[in-house]
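**Student:** Take this structure, written in structure tokens, and hold onto it; I'll ask about it next.
The values are calculated or read from the model by the stated rules, or taken from the named source; none is laboratory data. Computed from a predicted model, the values in this text were never measured in an experiment. Counting neighbours? That spans all protein chains shown, and the Cβs are built from the backbone with ideal geometry, glycine included. Surface accessibility is based on the protein's heavy atoms, side chains included, excluding ligands, DNA and RNA. Shrake-Rupley method; radii C 1.70, N 1.55, O 1.52, S 1.80 Å.
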Amino acid sequence: MINEATFINCLHLTNIKLPQFLKSIGKSSFQKCISLSQIIIPDGVESIEESAFQDCASLTNIRIPSKVYKIKDITFKNCSSLLNIEFPNILISIGKSSFEGCFSLSNIEIPLSVHSIGDLAFSECCSLTHLFLSSNIMSIGN
């Protein structure tokens, strides 16, 4: 596990490859790592906690591991350079403000497994032109 706030404010960290045995990324682990542009998250990761990547303004691509079934609140908030997100097929919910302020996102395909999307999940995603939702979604927040 990467503990809470382990790498918070590491302003010069640009890329990281996490170890294969890792199971969890703690709350605010990489928050405000403004130069972080690439991170490889191994498939063994089962949870990514709240605000883990909040304010990572240089992050461009993210692949959520196949065992993660919830995107927690504000996980990727203000990742303004984020272009691509690859969601796992077991994902059931996207938390509030999880992608708020991701100005560069233009195309998002929500997996069929998702049942709920929280308040402001994609707020201020001003480049968003294509959003694919399934009929399985039971609730969408404000």
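**Student:** Please determine whether any residue of the range 40-47 is closer than 15 Å to Asn78 by Cα and either in contact with a Leu (Cβ under 8 Å, 6 or more places away or on another chain) or surrounded by 14 or more Cβ atoms within 10 Å (Cβ to Cβ) (or both).
**Tutor:** First, pick out the residues of the range 40-47 that are closer than 15 Å to Asn78 by Cα: none.
Scanning the range 40-47 turns up no residue that is closer than 15 Å to Asn78 by Cα and either in contact with a Leu (Cβ under 8 Å, 6 or more places away or on another chain) or surrounded by 14 or more Cβ atoms within 10 Å (Cβ to Cβ) (or both).
**Student:** Got at least one residue in the range 17-24 being within 16 Å of the chain's Cα centre (by Cα) and within 26 Å of Glu124 (Cα to Cα)?
**Tutor:** So far as the range 17-24 goes, no, none of its residues is within 16 Å of the chain's Cα centre (by Cα) and within 26 Å of Glu124 (Cα to Cα).
**Student:** Residue by residue through the range 11-35, note down the ones that are free of Cβ contacts under 8 Å to residues at least 24 places away in the same chain and either open to solvent by less than 20 Å² (accessible area, probe 1.4 Å) or more than 24 Å from Lys70 (Cα to Cα) (or both).
**Tutor:** Filtering the range 11-35 for residues free of Cβ contacts under 8 Å to residues at least 24 places away in the same chain gives 12-13, 17, 19, 21-22.
Result: His12, Leu13, Leu22.
**Student:** List pairs: first in the range 85-109 and free of Cβ contacts under 8 Å to residues at least 24 places away in the same chain, second open to solvent by less than 10 Å² (accessible area, probe 1.4 Å) and polar (S, T, N, Q), Cβ under 6 Å, 6+ apart or cross-chain?
**Tutor:** none
**Student:** Across the range 48-61, what is the total count of residues that are more than 12 Å from Ile2 (Cβ to Cβ) and open to solvent by less than 10 Å² (accessible area, probe 1.4 Å)? Spell out the reasoning first.
**Tutor:** Going residue by residue through the range 48-61, those that are more than 12 Å from Ile2 (Cβ to Cβ) are 50-51, 54-61.
Still in the running and open to solvent by less than 10 Å² (accessible area, probe 1.4 Å): 51, 56, 59.
Residues flagged as more than 12 Å from Ile2 (Cβ to Cβ) and open to solvent by less than 10 Å² (accessible area, probe 1.4 Å) within the range 48-61 amount to 3.
**Student:** Among the residues in the range 69-88, are any farther than 27 Å from Ser113 by Cα and in contact with a Phe, Trp or Tyr (Cβ under 8 Å, 6 or more places away or on another chain)? So that I can check it myself, show each step before the final result.
**Tutor:** Step one: filter the range 69-88 for residues farther than 27 Å from Ser113 by Cα, giving none.
Among the residues of the range 69-88, not one is farther than 27 Å from Ser113 by Cα and in contact with a Phe, Trp or Tyr (Cβ under 8 Å, 6 or more places away or on another chain), which makes the answer no.
**Student:** How many residues does the range 113-142 contain that are open to solvent by 20 Å² or more (accessible area, probe 1.4 Å), aliphatic (A, V, I, L, M) and at pLDDT 95 or above?
**Tutor:** 1
**Student:** Moving to a separate point now. Any residue in the range 120-139 that is over 13 Å from Ile94 (Cα atoms) sitting within a Cβ distance under 8 Å of a residue that is open to solvent by 90 Å² or more (accessible area, probe 1.4 Å) and acidic (Asp, Glu)? List the pairs, counting only those 6 or more apart or interchain.
**Tutor:** Short answer, once both residue conditions are applied: Phe132/Glu109.
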